[in-house]
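Undergrad: First the structure, which I've put down as C-alpha cells, then a few questions once you've had a look.
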Amino acid sequence: MMRKPIIAGNWKMHKTSSETVRFVHELLQGLGNERPACEVIVAPPFTSIRSAVKEAEGTFIRVSGQNLHWEDQGAFTGEISGGMLKDLGCSHVILGHSERRQYFGETDETVNRKIKAAMRNDLIPIFCLGETLEEREDGITFDVVTRQLMGGLADLSLSDPVRFVVAYEPVWAIGTGQTATPEQAQEVHAFVRRKLAELLPQGFSEHVRILYGGSVKPDNARSLMSCADIDGGLVGGAALKTADFLGIIKEAT
C-alpha cells in the first residue's frame, strides 16, 4: 500500500512573523523547482500563521495550527477555534501533543473533542500519542497507546482516511536527543495500524499516515522512514533550521 509521506515541522513557541517569512522563503529556495515526493507542512505559532500562509501561497507547502479549542466560539480567553485556523488558511492542526498533555492538562477526552472540532471545520488532525520513559520501562507502552487511540477516536465518524493523520511520539525522545531505534518505532507503528484496523471502517487503516516524532534529524530520517509503517515525521528542533528540515524532506523523497 503506497501512502504519500508527510514531513511536518512543529515550531512550538519559536519564530516571529518576520522569521517565519524568511524560513519559508529559504525552504522554497532550497527545494528549487523540484516538488518533493512528500507532503510538507509547517506549524508556526498562532501569531505567525498568516505570514506563513502568505509566503507559501501557490506552493506545495501547507500550514498547520499547533492546537485548537473544541468549541467553535465562546468565552474562552486566549483560545483559538478551528474556524479561525481555517480562515487563516491552515489545512492541518496538531492535537494531543505530549507537551499539551503534560503542561496544560489535556486528556484523552479533550483531545477527542478537539479532533471532532478539527474535522467539523475541515481541518486535518495530526493526532499525537506516545508513552513516557517510565511507561516504557514498566512495559505498558501498548496499553498506553491503546488507551490514547481509543479515547481519541471515541464516537468519531471518519469518511476519508487520507484526511486523518496519527503521530507516534515517544515522550522520552522528544527534545532529549534520544531517538527510538527504527525497530522500536516500527514495532509501535505496526501496533497502531493493527489497532486502527479494529477501530476504523474496513480498509481504512492501510491509508492512514502514521508519523514518527522524537528527535528526528537528517541523519536518522532515512532509517526511520524506510520502515513499513512509518509514513514520515513530525519534526521538532530540526524543523527550526532550514538546512536540517530540507535534509529530512530530501530523505523522505
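Any read-out appearing in this document is the output of simple, stated calculations on the displayed coordinates, not a laboratory observation. The structure displayed is predicted, hence computed values, not measured ones. No Cβ is skipped: glycine too gets one built from the backbone with ideal geometry, and neighbour counts run over all protein chains shown.
Undergrad: Whole-Hz ³J(HN,Hα) for each residue in the stretch 168-185, computed from phi via Karplus 6.51 cos²θ - 1.76 cosθ + 1.60 with θ = phi - 60°, x for glycine and proline: what do you get?
TA: For the stretch 168-185, the Karplus curve yields 8, 10, x, 4, 5, 10, 8, x, 9, x, 7, 10, 4, 5, x, 5, 5, 5 Hz.
Undergrad: I've got another one for you. Suppose only helical runs count, i.e. DSSP H with n ≥ 4. What mean residue ellipticity at 222 nm does that imply for the chain under -39500 (n - 2.57) per run, divided by all residues and rounded to the nearest 500 deg cm²/dmol?
TA: Helix contribution divided over all residues of the chain: -12000 deg cm²/dmol.
Undergrad: Modelling each spin label as a point 7 Å along the Cα-to-Cβ direction, I'd like the Ser223/Lys4 distance in nm, to one decimal.
TA: 3.0 nm
Undergrad: Using a Förster distance of 41 Å, how high is the FRET efficiency between Leu88 and Glu137, based on the Cβ-Cβ distance and rounded to 0.05?
TA: Efficiency for this residue pair is about 0.50.
Undergrad: Grab the beta carbon distance between Ala154 and Asp122, set R0 = 22 Å, and tell me the FRET efficiency rounded to 0.05.
TA: According to the calculation, E is roughly 0.60.
Undergrad: Counting only C-alpha contacts under 8 Å and six or more residues apart, can you give the relative contact order of the chain as a whole percent?
TA: 21 percent
Undergrad: Also, I was wondering about something else. Considering the zone a paramagnetic label at Phe60 would reach in this model (a point 7 Å from Cα along the Cα-to-Cβ line), which residues of the stretch 1-27 have amide N under 17 Å from it?
TA: Under 17 Å, as judged by backbone N against the label point of Phe60, lie 3-9, 24-27 of the stretch 1-27.
Undergrad: Any idea how far apart Ala243 and Phe104 come out in nm if each label point goes 7 Å out from Cα toward Cβ?
TA: Computed distance between label sites Ala243 and Phe104 equals 3.3 nm.
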